[in-house]
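Asker: I'd like to ask some things about the structure below.
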Amino acid sequence: MIDLALHIAFGAVALSQILAFVRLLKGPNVGDRILALDTMVINAIAIIVLVGMNWGTQVYYESALIFAMLGFVSTVALARYVLRGDIIE
Amino acid sequence: MTETIVDILIVFWVIVGAVFILVGSIGLVKLNSPMKRLHAPTKASTLGVGALLLASMINAFAHHDGSLHEMLIMAFLFVTAPISAHFISKVNIHRGVTDATPPKPQNDDIWATQDQPPDRTI
């Protein structure tokens, strides 16, 4: 039962990753592209958590944590570059 | 019997998390203005990933050695999601794609994002 639910969740998260990539390609302005990249990082964290549940291991949480930190830092850096023309002034 | 109840709980939270993540991305594609699009994926980053991590914790306690270190990811995401949403909404306001205008800066200055030649494209 858990296997079936995990496979359904894999399909749903993979579909949402494709939809976020569609928004990344379409734009139409830079805020939408930053938001689409942020959403893709969130979906990648969800896929890593699902892989960890599916294989029954605990070793994937460090990678999920690193994805969360790098996603936040890259979102803030991109937004700050657009806002100020520079990241560290 | 108790294992069945725990399994149903795990399946419930996995499905809830997957549905919230899918709804967030559908909203990202389907809504028609930048501020509306900003509203949808924040559900995916808080409720969606939160429900999946809750299911993962219940799964670890039921079938493996119990662990609580998913709480770290959850706490980090819940702290950083509003900050990045605030930054993206500031980008939308300053790039002039919404009706709102930023307040005047001090000393008759101009915001750096609005001090651009008009043909600048990113």
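Asker: Going by the structure shown, is A:ALA68 of a type outside the set (Phe, Trp, Tyr), within 26 Å of B:LEU31 (Cα to Cα) and facing chain B (nearest Cβ under 7 Å)?
Answerer: Judged against the criteria, A:ALA68 is a match.
Asker: Among the numbered criteria (1) in a helix (DSSP H, G or I); (2) out of contact with any Pro (no Cβ under 7 Å at 6 or more places or on another chain); (3) modelled with pLDDT under 90; (4) not small (Gly, Ala, Ser), which one does B:ASN92 miss?
Answerer: Tallying (1) in a helix (DSSP H, G or I); (2) out of contact with any Pro (no Cβ under 7 Å at 6 or more places or on another chain); (3) modelled with pLDDT under 90; (4) not small (Gly, Ala, Ser), B:ASN92 fails exactly one: (2).
Asker: Of the numbered conditions (1) of a type in the set (Ser, Thr, Tyr); (2) within 18 Å of A:THR39 (Cβ to Cβ); (3) over 13 Å from the mean Cα position of the chain (by Cα), B:SER84 satisfies every one except a single condition; which is it?
Answerer: B:SER84 satisfies all of (1) of a type in the set (Ser, Thr, Tyr); (2) within 18 Å of A:THR39 (Cβ to Cβ); (3) over 13 Å from the mean Cα position of the chain (by Cα) except (3).
Asker: So if I check each of A:ALA9, A:ALA20, A:ALA14, A:ALA36, which one is surrounded by fewer than 17 Cβ atoms within 10 Å (Cβ to Cβ), touching a residue at least 12 places away in the same chain (Cβ under 8 Å) and not hydroxyl-bearing (Ser, Thr, Tyr)?
Answerer: A:ALA14
Asker: Let me ask something else. Can you give me the number of residues within the range B:1-32 that are more than 17 Å from the chain's Cα centre (by Cα) and either under 12 Å from A:VAL13 (Cβ atoms) or not acidic (Asp, Glu) (or both)?
Answerer: Number of matching residues: 14.
Asker: Here is a further query. May I ask you to say which residue of A:ALA64, A:ALA46, A:ALA79 is open to solvent by less than 40 Å² (accessible area, probe 1.4 Å) and farther than 22 Å from B:GLU70 by Cα?
Answerer: A:ALA79
The values are calculated or read from the model by the stated rules, or taken from the named source; none is laboratory data. Computed from a predicted structure; not experimentally measured. Cβ atoms come from the backbone with ideal geometry, glycine included; neighbour counts cover every protein chain shown. Note: accessible area is taken over every heavy atom of the protein model, side chains too, but ligands, DNA and RNA are not part of it. Shrake-Rupley method; radii C 1.70, N 1.55, O 1.52, S 1.80 Å.
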